[in-house]
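The values are calculated or read from the model by the stated rules, or taken from the named source; none is laboratory data. Predicted, not measured: the structure shown is a model, and the values here were computed from it. All Cβ positions, even for glycine, are placed from backbone atoms using ideal geometry, and neighbour counts span all protein chains on display. Areas reflect the complete protein model, heavy atoms only, side chains present, ligands, DNA and RNA absent. Shrake-Rupley method; radii C 1.70, N 1.55, O 1.52, S 1.80 Å.
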Amino acid sequence: MSDRILAAVMAAPHQPIEIREFPAPDLAPGSALLRTERSEVCGTDVHLWHGRLAGVPYPIIPGHVSAGRLQAIRGPLHGLDGSTLREGDRVAFFDVHRTCGRCRACTVHRTPTRCTARRVYGITDSANEGLFGGWSQGIYLEPGVGIAPLPDSVGFDDYIGGGCGLLTAVHILERAALRPADSVLVQGTGAVGLSAIALARLSGASTVIAVGAPEDRLQMARRMGADHVFDVTSSTPEQRMADVRALTHGEGVDVVLEAAGSAAAIEEGLDLVRDGGRYVIAGHYTDAGDSSINAHRQINRKHLEIRGCWGSEPGHFLRALTFLERYAAVVPWREIGGRTYPLTGLNEALADAEAMRITKALVDPWAAA
Ligand SMILES: [Zn+2]
Ligand SMILES: [Zn+2]
């Protein structure tokens, strides 16, 4: 890498992505410069482009989950797994940084994803501060960032194909407290939902049902481990309810995992879960509006457990890598990445992601335009 590093910058919502040149960062003790091999365009980037997330310090270099090779290290550097990291190593890093470890969220409530000091590469870090996003040939891994070696068997495309959706799905499954042979219904067949399907299957679910669209994502849902799929655009909630009941002794599923991000999904999910079941809501990363709920019928009388799921922690990142090491050869995570774009192709990538032509765009910042 030369002293000049190219990055794709989102200057403001609704503006075309532009290529800018950055100087190589000065490395503080305990930091590193990553040569980016792959990053991604996910649903969050589309939200960022639409200006739907509060408190984003534009201009930003998007791309919150990325992987590459350690180009330069200053001082001893250790991975989250305890390993000693060396220049040239293939690594991924946990995008959330500066979680304080001292506030009430971090210490008293033990909910570090609600720490107000936490920042996220590619989302809440300004490009004015430097290389804090993955749509760039280089990423500054500041001191304290959680880094882990990519297992030899995990390619960059495997890791980014899973990407942020896989990390989120690990957290969702943790929140779901799945029991052996639980029946699971996943709402949404985007990157998060597809990984949740795979992890539910691998975690011992008996029946996995997916509700989503379009058709190519439903086919992918089957390949990720779904036994039954419903096209949300061509079936009615009443039909889905009848079919799900028929599959579950007339009761509804033990666990519903929401990764759809629509207000209507919540209203339906509460009906699809059985009495005494669990419902994890993870798809409402932005405000999708109000849902109409009957608390008596859908929650109280049902003795239902509802859990939110926000962000992820370093442990979810490491578990995602472990899942990939063991299962990337048999679960087609890499195929969630529909197409790989150069830095100059990111306007097209955002348009493709917005129109749902691809589930996820991969970014190769070294590819020729
Ligand atoms: Zn904190
Ligand atoms: Zn993402």
- Output the number of residues of the stretch 2-60 satisfying the condition of being under 29 Å from GLY338 (Cα atoms) and either small (Gly, Ala, Ser) or within 16 Å of ligand 1 (Cβ to nearest atom) (or both). 8
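Out of the residues in the stretch 161-176 that are farther than 26 Å from ALA246 by Cβ and in contact with a strand residue (DSSP E or B) (Cβ under 8 Å, 6 or more places away or on another chain), state the one that is farthest from ligand 1 (Cβ to nearest atom).
Ranking the qualifying residues of the stretch 161-176, first place goes to GLY161.
Considering only the stretch 250-369, give the strands (runs of 3 or more DSSP E) lying wholly within it that have at least 1 residues that are open to solvent by less than 50 Å² (accessible area, probe 1.4 Å) and over 29 Å from PRO62 (Cβ atoms). Spell out how you get there, then give the answer.
Details: elements: 253-258, 273-281, 305-308, 337-341, 360-363.
Passing ranges, in order: 253-258, 273-281.
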- Message: Taking the criterion of being open to solvent by 20 Å² or more (accessible area, probe 1.4 Å) and in contact with a Lys or Arg (Cβ under 7 Å, 6 or more places away or on another chain), would at least one residue in the stretch 223-234 satisfy it?
- Response: yes
- Message: Restricting to the stretch 61-110, count the residues that are free of Cβ contacts under 8 Å to residues at least 60 places away in the same chain and within 16 Å of ligand 1 (Cβ to nearest atom).
- Response: 14
- Return the only residue of ALA117, ALA213, ALA181 being within 16 Å of ligand 1 (Cβ to nearest atom) and surrounded by fewer than 24 Cβ atoms within 10 Å (Cβ to Cβ). ALA117
- Note on the structure: Filtering the stretch 59-117 down to residues that are more than 19 Å from PHE132 (Cβ to Cβ), of a type in the set (D, E, K, R) and under 24 Å from the mean Cα position of the chain (by Cα) yields ASP81, ASP89, ARG90, ARG110, ARG114
- Item | Number of positions in the stretch 71-90 that are in contact with a Leu (Cβ under 6 Å, 6 or more places away or on another chain) and open to solvent by less than 60 Å² (accessible area, probe 1.4 Å) | 6
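Here's the yes/no breakdown for (1) open to solvent by 30 Å² or more (accessible area, probe 1.4 Å); (2) at pLDDT 95 or above; (3) within 16 Å of ligand 2 (Cβ to nearest atom):
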| site | (1), (2), (3) |
| --- | --- |
| ARG98 | yes, yes, no |
| HIS109 | yes, yes, no |
| TRP135 | no, yes, yes |
| GLY138 | no, yes, no |
| GLU142 | no, yes, no |
| LEU167 | no, yes, yes |
- Residues of the stretch 217-241 satisfying the condition of being in a helix (DSSP H, G or I) and in contact (Cβ under 8 Å) with a residue 60 or more places away in the chain: ARG217, MET220, ARG223, MET224
- Note on the structure: Considering the stretch 35-58, residues that are away from ligand 2 (no atom under 14 Å from the Cβ) and over 16 Å from ALA8 (Cα atoms), and then whichever is most open to solvent (accessible area, probe 1.4 Å), we arrive at ALA54
- Message: Can you go through VAL154, VAL186 and tell me which one is β-branched (Val, Ile, Thr), outside any helix (DSSP H, G or I), farther than 22 Å from GLY277 by Cβ and open to solvent by less than 10 Å² (accessible area, probe 1.4 Å)?
- Response: VAL154
